[in-house]
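Below: the structure, in structure tokens.
The values are calculated or read from the model by the stated rules, or taken from the named source; none is laboratory data. All values derive from a computational prediction rather than experimental measurement. We place every Cβ from the backbone using ideal geometry, glycine too, and count neighbours over all the protein chains shown. Just the protein is used for accessible areas: all its heavy atoms, side chains included, with ligands, DNA and RNA removed. Shrake-Rupley method; radii C 1.70, N 1.55, O 1.52, S 1.80 Å.
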Amino acid sequence: MGKLELYIPVGRERLRCGYTTGTCAAAAAAGAAALLLEGAALPAVHIDTPAGVRVEAELLEHAAGDGWAACAVRKDGGDDPDVTDGALICARVERSAQPGIAIDGGQGVGRVTRPGLDQPVGEAAINSTPRA
């Protein structure tokens, strides 16, 4: 993703906003879906964040096979001291005989182990906003 040129005031400083892991995952999933459904390995996608900010995400590491496609987005945490800054956030989409969309976490995504999150125990720890 390119650097987001959006700043927020914090005390006397201005901090540059970054992208959430969910935003990066949604962008990677959109790119993977385009590759699967249209056969197009797009260089980038535009998505709207829940805050209404339109962002452009560069797509990396395109891959596809029989009934699946994947790609990735490099996370930019902005000025937030985020340990995932620079991480490659990957998404894979697959065709299914079942109607609808099923979302599950892959490598590096935790599972809900106790009640309290907005997902049930046993599900991938992906909040409802990025799922939407």
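What to note about this one:
- Filtering GLY86, GLY105, GLY77, GLY67 for residues that are farther than 15 Å from THR21 by Cα and of a type outside the set (A, V, I, L, M, F, W, C) leaves a single hit, GLY67.
- Hey, GLU61 at pLDDT 85 or above, on the phi > 0 side of the Ramachandran plot, in contact with a strand residue (DSSP E or B) (Cβ under 8 Å, 6 or more places away or on another chain) and not in a loop (DSSP other than H, G, I, E, B) or not: yes
- Among the conditions (1) surrounded by fewer than 16 Cβ atoms within 10 Å (Cβ to Cβ); (2) within 19 Å of GLU5 (Cα to Cα); (3) not aromatic (Phe, Trp, Tyr), the only one that ASN127 does not satisfy is (2).
- Complete set of residues in the stretch 9-54 that are closer than 18 Å to ASP80 by Cβ, open to solvent by 80 Å² or more (accessible area, probe 1.4 Å) and aliphatic (A, V, I, L, M): ALA51
- Residues satisfying the stated conditions in the stretch 67-83, i.e. assigned to a loop (DSSP other than H, G, I, E, B) and within 18 Å of ILE47 (Cβ to Cβ): LYS75, ASP76, GLY77, GLY78
- Count - residues of the stretch 55-76 that are aliphatic (A, V, I, L, M) and either open to solvent by 40 Å² or more (accessible area, probe 1.4 Å) or closer than 17 Å to GLU38 by Cα (or both): 6
- Residue pairs whose Cβ atoms lie under 9 Å apart, sitting 6 or more positions apart in sequence or on different chains, and linking a residue in the stretch 115-132 that is touching a residue at least 40 places away in the same chain (Cβ under 8 Å) to a partner that is assigned to a loop (DSSP other than H, G, I, E, B) and of a type in the set (Asp, Glu), are ILE126/ASP104; ASN127/ASP118; THR129/ASP118.
- Candidates ASP80, ASP85, ASP76, ASP48, filtered to the one that is modelled with pLDDT under 85, within 28 Å of VAL10 (Cα to Cα) and assigned by the TED database to the domain that holds ILE8: ASP80
Every residue, every condition in (1) in contact with a Pro (Cβ under 9 Å, 6 or more places away or on another chain); (2) free of Cβ contacts under 8 Å to residues at least 24 places away in the same chain, yes or no:
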| residue | (1), (2) |
| --- | --- |
| TYR7 | no, yes |
| GLU13 | no, yes |
| THR21 | yes, no |
| ALA32 | no, no |
| VAL55 | no, no |
| GLU61 | no, no |
| PRO81 | no, yes |
| THR84 | no, no |
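- Residues in the stretch 97-117 that are assigned to a loop (DSSP other than H, G, I, E, B) and open to solvent by 80 Å² or more (accessible area, probe 1.4 Å): ALA97, GLN98, PRO99, ILE101, ALA102, ASP104, GLN107, GLY108, THR113, ARG114.
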